[in-house]
Amino acid sequence: MLGTGGAIAAAPPGLPSPKEGLNVLVVGLDSRAGLTDGEKERYRLGHHECACTDVMMLMHVSAAGDRVSVVSLPRDSLARFPAGHVDRGTGDRHSAHPAKINNAWKEGGPAFTIRTVEAMTKVPVDRYLEVDFRRFMDTVDAVKGGVPVCTPNRLKDPVTGIDLAPGTTALRGGAALQYVRSRRADGKMDFGRIQKQQKFLANLHHTVRRGLLNSPDALRAFATTLRGGTNQGERGITAVELVQLAGRLKNLPPARTEFAVVPISGFNPDIEGVGSTLAWDERQAAQVFAALRADRPLPKLAAATPANIPQGLGEYRPVGGGTLVCA
């Protein structure tokens, strides 16, 4: 919803209940604010940050509260930013230009990120949540016993330092961050990292549903940690609204959640000043986002193999959350 001059209209108080379902844009920031030098070394985080969004997920909660659909938007997706916005880092007014979608936050913050996603998907964003490395780690640490992940084979990534034996492992904050950042261990590039992020989210939901939802005090503390105290803009979800959302989804089993990656057609030719980017399959992506707008499940589409991407990667293939939960 845009006001005059493209400004985002202020959201009404309280978690909204749109008749077509609730849409929440969840982003993970590549930010090391609040981390100690020891944590950066221990978890192989380095000291350079892109000040961009490494994770972008569009989460749709059905109006009846009986289904959650999550569509991941790869960070290297090609976006075209409109003219006129002011770069919050340099103060320069931009002309229209191509960019990776994850650069929207760097140039314009939460408001411009929301506008970019809405322009590309035509899905209205009702609420926005951003989580940096510090809040991610602290939030996972707030889950008693950690969050389980299961790997069929050994998962060893020399970049993030994660090294998991086959089977199920309960991860605490720092190790969980290593897991969701891993993209070098299995040869699946960023698509493999997205799969890990979706698997982690499915297991986090399952774990919270079985534990924290039975303790109001613990749930409030969890929501407060996840939300943090940073300014996330006019549509930023509040800790109170996160608790309300948890209440709506209290009885939602993993089998009623679904995950997918936006349909991809392949890699674009390199663009000067931007680099390698991913092109969305416009026809199939339009069908996916039309389903979200209409409050329908993710559609089953004819298989399409993205060009110049290794087989088995990048295909649009909705997966039920129940299949991602560790036994």
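Values quoted throughout were computed directly from the atomic coordinates according to the rules given, and no laboratory measurement underlies them. Because the structure is a prediction, the values reported are computed rather than measured. Neighbour counts run over all protein chains shown; Cβ positions are idealised from the backbone, glycine included.
The set of residues in segment 105-160 being closer than 19 Å to Q232 by Cα and polar (S, T, N, Q) consists of T113, T116, T139. Cβ separations smaller than 6 Å between residues 6+ apart or across chains give the following pairs from segment 49-65 residues that are free of Cβ contacts under 8 Å to residues at least 60 places away in the same chain to residues that are of a type in the set (S, T, Y): E49/S31.
Suppose we filter G109, G145, G84 for residues that are in contact with a His (Cβ under 9 Å, 6 or more places away or on another chain) and either of a type in the set (G, A, S) or part of a helix (DSSP H, G or I) (or both); which single one remains? Steps first, please.
Working: G109 fails: in contact with a His (Cβ under 9 Å, 6 or more places away or on another chain); G145 fails: in contact with a His (Cβ under 9 Å, 6 or more places away or on another chain).
After ruling out the rest, the residue left standing is G84.
Taking (1) over 27 Å from R115 (Cα atoms); (2) out of contact with any Leu (no Cβ under 9 Å at 6 or more places or on another chain); (3) in a helix (DSSP H, G or I) in turn, A218 satisfies each apart from (2).
When you scan segment 287-322, how many residues do you find that are hydroxyl-bearing (S, T, Y), over 19 Å from the mean Cα position of the chain (by Cα) and closer than 30 Å to V208 by Cβ?
If we filter segment 287-322 for residues that are hydroxyl-bearing (S, T, Y), which is where we start, we get 305, 316.
Now narrow it down to the ones that are over 19 Å from the mean Cα position of the chain (by Cα): 305.
Next, only the ones that are closer than 30 Å to V208 by Cβ stay: none.
Total meeting the criteria: 0.
Of all the numbered requirements in (1) assigned to a helix (DSSP H, G or I); (2) surrounded by fewer than 23 Cβ atoms within 10 Å (Cβ to Cβ), P98 misses one, and that requirement is (1).
Here is a yes/no grid of residues against (1) of a type in the set (A, V, I, L, M); (2) touching a Leu at 6+ places or on another chain (Cβ under 6 Å); (3) within 21 Å of D126 (Cβ to Cβ); (4) not in a helix (DSSP H, G or I):
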position	(1), (2), (3), (4)
Q232	no, no, yes, yes
R283	no, no, no, no
G322	no, no, no, no
A327	yes, no, no, yes
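Determine whether H60 is loosely packed, with under 13 Cβ neighbours inside 10 Å and either closer than 30 Å to K250 by Cα or over 21 Å from the mean Cα position of the chain (by Cα) (or both). So H60 fails the test. When each of G273, G266 is tested for being under 28 Å from F112 (Cα atoms) and either β-branched (V, I, T) or assigned to a loop (DSSP other than H, G, I, E, B) (or both), the lone residue that passes is G273. When restricted to residues that are under 23 Å from S62 (Cα atoms), surrounded by fewer than 19 Cβ atoms within 10 Å (Cβ to Cβ) and not charged (D, E, K, R), segment 220-235 contains 1.
Specify the residue that is nearest to the chain's Cα centre (by Cα); the eligible residues are those in segment 63-114 that are of a type in the set (A, V, I, L, M, F, W, C) and closer than 16 Å to D30 by Cβ. The selected residue is L73.
Considering each of A291, A279 in turn, give the residue that is more than 30 Å from G34 (Cβ to Cβ), part of a strand (DSSP E or B) and in contact with a Leu (Cβ under 9 Å, 6 or more places away or on another chain).
A279
For segment 155-214, taking the residues that are of a type in the set (S, T, Y) and assigned to a helix (DSSP H, G or I), the one that is surrounded by the most Cβ atoms within 10 Å (Cβ to Cβ) is identified as Y179.
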